[in-house]
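Here the structure is laid out as structure tokens; the discussion comes afterwards.
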Amino acid sequence: MAMKISVVGTGYVGAVTGATFAEVCGHSVLFVDVIKDKVDKIRSGKAPFYEPGLDELLSKNRDKLHATTDFSEVRDSDAIFLCVGTPPSPDGSVDLSQVFSAVGCILPYIQDGKFRVIVTKSTVPPTTGEKVIKRLEQKGLVLGRDFGYASNPEFLREGNAVHDSLHPDRIVVGCADKKTEDVMKKIYSSFQCTKIFTDVRTAEMIKYTANALLATKISFANEIARLCSRLGVDVYHVMDAVALDHRVNREFLNAGLGFGGSCFPKDVKGLISLFENMNIPTNLLSSVLDVNESQPLFGINILKESLGGLSRRTVGVIGLSFKENTDDVRETRAYPLIKGILSEGARVVVYDPLASENFVNEYPDVGQKIVLAKSLRDAIDSSDAIVIHTAWDEVKRLSPNSFKEGQVILDGRRALDVEKFKNSDKVTYVGIGW
Ligand code: UDX
């Protein structure tokens, strides 16, 4: 049954969620954002950021999608999804100001006695839902009568967001009241995957736990990779075999230069700060971050050994976004990587098909000291050594012949054909544990 849904915030989560509701369920979706530019983009059938497949989904469903900066239009909805940013505060805790500001913006328009569900999709620490409910109750609204509340975390990956949203592994919904559960069941009735209905706090905890476990898997693989690199063992072969045990899954055991992005670093820090607030020690999660912080430096040491020092050499760093198929540079490992290479006295040339401008704006300290190559070819031609940070498709297609004679290549993402490169007489290929 088609419903009326408002989506507040048109970032990755909001834009993709709204487009998915229109595509899969036929719901009518109103995007609301305080930034007019983003609203105008959506109106013209375009995503406000780079995400493969999203423009097509937005333009295909144009008749069901609307966008506005006017919060009063949320009056007409059955459910209002909060999809605003929850960035980290300097102390590692989660900054919830955008969530409460969004609640403040919709408040004047939900006090007319019509029952609407407020749904938080943004990643928020457990107990946030209770605080939002309290804020609404302070305005005289009664939960279950004047409004409903649900926590409905999103698990999509940037670069694969459209696919993940159209084909979720599971849908998690934590409801604060019975009427909300009925509305949420209707909203998601077109999805066939497993749906978990639980309470709000549990749903919030599921999201943090999922991201913390995935981040832990990566840091685990990276720590094992360090030992493998000294033993001459291929950590990917080790993980392939380990994962054949039915108790283990092979995903997110790919060693490399560490994890970046807007979620894993922030959510692990957010979880640590929750432990700290409750005076519970967290050795494991702190170690997950420690391994991730030092992994680029471990890579630099491998490069140094292979090249016989980095001073006055030119190193080409390929890929600045935190992973392929996105121009997002938040928490990218390219930043500590380049900083470390520069501190060794090397010159750094960089190439990225999409993220160079974002990188220079986000990290001006390093941005001022690097040379932006016009193409992958230019970066290779002007460097003594190459470090692959992001496994873009054009990088994956490179062969030993694409490189200069004697060039050292540190493949930080196992993007290249390892066998071919290791057997090549033309270049020196090194991995991080393979
Ligand atoms: C992540 C989660 O996957 C998603 O479910 C969540 O809701 C949001 O955060 P995202 O940050 O977009 O998604 O990207 P993801 O594909 O998970 O990669 C995160 C980082 O981990 C990247 O830097 C990636 O290169 C790195 N990574 C991933 C590894 O180093 N090894 C792996 O095996 C997998």
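Starting from the Cα-Cα distance between Ala2 and Glu130, subtract it from 0.36 nm times their residue separation and give me the gain in nm to one decimal. List each step's numbers first, then the result.
Values: separation 128, 0.36 × 128 = 46.08 nm, distance 2.89 nm.
Separation in residues times 0.36 nm, less the Cα-Cα distance, equals 43.2 nm.
Here the relative contact order of the range 4-197, from alpha carbon pairs under 8 Å that lie six or more residues apart, stands at 21 percent. You can think of it this way: the chain between Asp378 and Glu137 has 80.7 nm of extra reach, that is 0.36 nm per residue less the Cα-Cα gap. Largest first, the residues Met278, Met184 sort by 1.4 Å accessible area into Met278, Met184. Pairs of Lys residues in the range 53-177 are counted when their Cα atoms are under 30 angstrom apart and they lie 8 or more places apart or on different chains; the count is 10. With the highest mean first, a sort of the peptides 289-298, 133-142, 35-44 on other beta-carbon atoms found within 10 angstrom per residue produces 289-298, 35-44, 133-142. Packing-based ranking of 318-330, 96-108 yields 318-330, 96-108, ordered from highest to lowest mean Cβ neighbour count within 10 Å. Let me see the P(r) profile for the range 159-301: every Cα-Cα distance counted, bins of 5 Å, each bin given as a percent of all pairs. Here the calculated profile for the range 159-301 is 2, 8, 14, 16, 17, 15, 12, 8, 4, 2, 1, 0.
Net charge in the neighbourhood of Asp199 (other residues with Cβ under 11 Å of its Cβ; Lys, Arg +1, Asp, Glu -1) is -3. Taking a sphere under 15 Å around the Cβ of Asp70 and counting the other residues whose Cβ falls inside, with K and R at +1 and D and E at -1, yields a net charge of 0.
Order the following by accessible area, largest value first: Arg377, Arg312. Probe radius 1.4 Å; ligands, DNA and RNA are ignored.
Values: Arg377 105, Arg312 205 Å².
If we order Arg377, Arg312 from most to least accessible, we get Arg312, Arg377.
Here the calculated FRET efficiency for Glu276 and Arg75, from their Cβ-Cβ distance with R0 = 45 Å, stands at 0.65, rounded to the nearest 0.05.
Where the accessible area of the chain is counted over protein heavy atoms with a 1.4 Å probe, how much of it, in %, is carbon and sulfur?
On the way: 9570 of 18740 Å².
Taking all protein chains in place, the chain shows 51 percent carbon and sulfur surface.
Ligands, DNA and RNA are left out, and with a 1.4 angstrom probe the accessible area of the chain is 43 Å² per residue.
Per DSSP H run of n ≥ 4, the term is -39500 (n - 2.57); total these for the chain, divide by its residue number, and report the mean residue ellipticity at 222 nm rounded to 500 deg cm²/dmol. Result for the chain, helices only: -12000 deg cm²/dmol. Taking label points 7 Å from Cα along the Cα-to-Cβ direction, Leu284 and Arg62 give a separation of 5.0 nm. Taking Lys and Arg as +1 and Asp and Glu as -1, the other residues whose beta-carbon sits under 12 Å from that of Ser356 total -3.
How would the chain be classified by its alpha-carbon gyration tensor: rounded, prolate or oblate, with rounded meaning a/c under 1.5 and the a/b versus b/c comparison settling the rest?
prolate
Expressed as a fraction of 2.2 N^0.38 Å, the value expected for a compact globular protein of N residues, the C-alpha radius of gyration of the range 209-431 is 1.02. The accessible area of Asp78, taken with all protein chains in place and a 1.4 Å probe, comes to roughly 50 Å². A simple spin-label model places pseudo-atoms 7 Å from Cα toward Cβ; at Lys369 and Phe252 they are separated by 3.3 nm. When all protein chains stay in place and ligands, DNA and RNA are ignored, the 1.4 Å accessible-area order of Ser219, Ser89, largest first, is Ser89, Ser219.
Restricting to Cα pairs below 8 Å that are 6+ residues apart, what does the relative contact order work out to for the range 155-274? Please round to a whole percent.
Details: 106 pairs, mean separation 27.8, N = 120.
Reported relative contact order: 23 percent.
Sequence-distant contacts, meaning Cα pairs under 8 Å at least 6 residues apart, place the relative contact order of the chain at 12 percent. Classified by the C-alpha gyration tensor, the range 4-197 has a rounded form. Its axis ratio a/c, with a ≥ b ≥ c, is below 1.5.
The values are calculated or read from the model by the stated rules, or taken from the named source; none is laboratory data. Note that this is a predicted model, so its numbers are computed, not measured. Every residue, glycine among them, receives a Cβ derived from its backbone with ideal geometry; neighbour counts consider all protein chains shown. When the accessible area is computed, the model is the full protein with side chains, heavy atoms only, and any ligands, DNA or RNA have been set aside. Shrake-Rupley method; radii C 1.70, N 1.55, O 1.52, S 1.80 Å.
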